[in-house]
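Beneath this line is the structure, given in structure tokens, with notes to follow.
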Amino acid sequence: MRISIIGSGYVGLVTGACFAKLGNEVVCVDIDEGKVRKINNRTAPFYEKGLDDLLKEVNLRATTDIEEAIRSTDVTFICVGTPQGLMGEADLRHVDQACRDIGSVLKEKDNFHLVVVKSTVPPGTTEHRVRHILEEASKKKAYKDFGLAMNPEFLREGNAIEDFMNPDRIVIGVKDDKSKGILLELYKDFTCPKLIVSPTTAEMIKYASNAFLAIKISFINEIGNLCKALGIDVYEVAKGIGLDKRIGRHFLRAGIGFGGSCFPKDVKALINKARELFYHPIILNAALEVNETQPYKLVDLLEKKAGNLRGKDVTVLGLAFKPNTDDVREAPSIKIVNALLNKGAKVHVYDPKAMENFKRLFGDRIDYCSSAKEAVSKSKYVLIVTEWNEFKDKELYKGKYVFDGRRIEEAKELAEYYEGVCW
Ligand code: UGA
């Protein structure tokens, strides 16, 4: 199939590259010329495991010319960002703009074109807002003159290609048979369950999935906080409950909480949607409340041991919101480093991939080290904030006071003092 992808961020570019790998002809669109140039030079504009190699292998091009991209393809995926608005709502301005652009090309296009929303959007967006804008701009009817569908992604950053190629399920939100047929054909090589639902249901499945995972993490962190006070190891508790098939073992790693561009934003957007419906979502709010303060628990532990932090050297290992990404959006490291600076500590940091992105936030207020070894050599106190593999080297912690937000077992062995945030 000839596919255009609007928005060449994590979701768009991975989706595009994977569809190309499956034998489709793909063009990725982005307004950022620098990004487009990089993609055409076969390098990803951000770090994602395996993506550079995949780009070198597949039939994919990038352009800033959205009109040409739509004209030369039959299916368009909208993969633009839906950042957090001022009131916590999903800011849909990029989706709106993509729809206006697509609609104006569809107006002049004769053959059937399918528009698929992949961006994470609140329930109702595709069937009402997206449809309305596309129809206005194209002067055509959705589900008849052009196809419209919602097909959420469940890609984890750092694992996105693997997740795309081996999904647990594919959710296809459609109303018309032609759109359904095209998407089933596109995904024909996948053997996982394919769920055919309405676009609005598909949107809710995406939000509910992320909300459930976020709640699961906040739940185990709350249990972890209690375990800490009771002298119990929450990881043993997590294993004990996770072996119950109804609960499951995944997403029960207690620590300094969830970050990233998805969980915090999507839970807030769902809360905001609930408010519009005059519903107060107690559990969703609680998940955010637990997560809000969890990073500070690491600083509390440090202060309890080290006393006043003014003028003291403190090393922070890991800045990315999780390993295998350079993404620092909503990363617990931001809160932790801010708190350390506010308390007057001298902060030394190291992350294998996220240093540049962190520098944009903190400039020269902290010391950026070129290796974990260098960073730990600067202080007696070491905070583990992201569980990168290279931090599993017990030698790093020899004689140090280690405060662990992510449960790196090796850290305990040679440390002079070791304490975990929830255990
Ligand atoms: C998440 C979902 O896992 C994807 O399915 C979804 O497609 C994506 O959001 C999205 O909406 O685009 P992602 O944010 O990339 O993916 O990362 P996760 O691996 O889910 O981790 C999120 C955060 O939770 C990280 O900060 C991680 O450290 C934290 N986490 C995860 C825990 O604190 N404990 C756990 O047990 C698991």
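Of note:
- Each 5 Å bin, from zero up to the one with the longest distance, holds this percent of the alpha carbon pairs of segment 2-197: 1, 8, 17, 21, 22, 17, 10, 3, 0.
- The convex hull built on the alpha-carbon positions of segment 207-293 has an orientation-averaged projected area of 5.9 nm².
- For D404, the amide hydrogen comes within under 5 Å of the amide hydrogens of I384, E419, G420, V421, counting only partners 5 or more places away or on other chains and with H modelled in the peptide plane.
- Based on C-alpha pairs under 8 angstrom that are at least 6 apart in sequence, segment 296-420 has a relative contact order of 26 percent.
- Surface exposure of segment 357-417, expressed per residue as accessible area with a 1.4 Å probe, stands at 50 Å².
- Full-extension gain in nm, R169 to Y143, via 0.36 nm per residue minus C-alpha separation: 6.9 nm
- Highest-fluctuation residue, F278, F146, F251 considered, GNM on the chain with Cα pairs under 10 Å: F278
- Just the protein heavy atoms count here, and of the accessible area of segment 2-197 at 1.4 Å, carbon and sulfur take up 48 percent.
- Residue ranges 162-169, 386-393 sort as 386-393, 162-169 when ordered by packing (mean number of other C-beta atoms within 10 Å per residue, highest first).
- At the listed q of 0.12, 0.17 Å⁻¹, the Debye profile of segment 151-306, built from one uniform point per Cα, gives log10 I(q)/I(0) equal to -0.66, -1.12.
- Angle in degrees between helix 199-230 and the longest Cα principal axis of the chain, rounded to the nearest 10: 10 degrees
- Mean residue ellipticity at 222 nm, helices only, the chain: -13000 deg cm²/dmol; runs of at least 4 DSSP H residues each add -39,500 (n - 2.57), and the sum is divided by the number of residues.
- In the frame of its principal axes, segment 136-206 has Cα extents of 41, 22, 19 Å, reported largest first.
- Where only alpha carbons of segment 346-423 are counted, the Rg and the Dmax (Å): 12.2, 35
- When peptides 175-183, 267-275, 402-410, 4-12 are sorted by average Cβ neighbour count within 10 Å, with the highest value leading, the order is 4-12, 402-410, 267-275, 175-183.
- Percentage relative contact order, segment 44-100, counting C-alpha pairs under 8 Å, at least six apart: 19 percent
- Relative contact order [Cα under 8 Å, 6+ residues apart], segment 1-73, whole percent: 37 percent
- What the Cα convex hull of segment 296-420 gives, in volume per residue, is 85 Å³.
- Using alpha carbons only: equivalent-ellipsoid semi-axes of segment 60-115, gyration tensor based, whole Å: 25, 12, 9
- Modelled this way, with points 7 Å down the Cα-to-C-beta line, the labels at L414 and E108 are 6.7 nm from one another.
- The alpha carbon convex hull volume per residue for the chain rounds to 146 Å³.
The values are calculated or read from the model by the stated rules, or taken from the named source; none is laboratory data. Just so we're clear, the structure is a prediction, and the values are computed from it rather than from any experiment. As a convention, Cβ positions derive from the backbone with ideal geometry for all residues, glycine included, and neighbour counts pool all protein chains shown. Heads up: the accessible areas ignore ligands, DNA and RNA and are worked out on the full protein's heavy atoms, side chains in. Shrake-Rupley method; radii C 1.70, N 1.55, O 1.52, S 1.80 Å.
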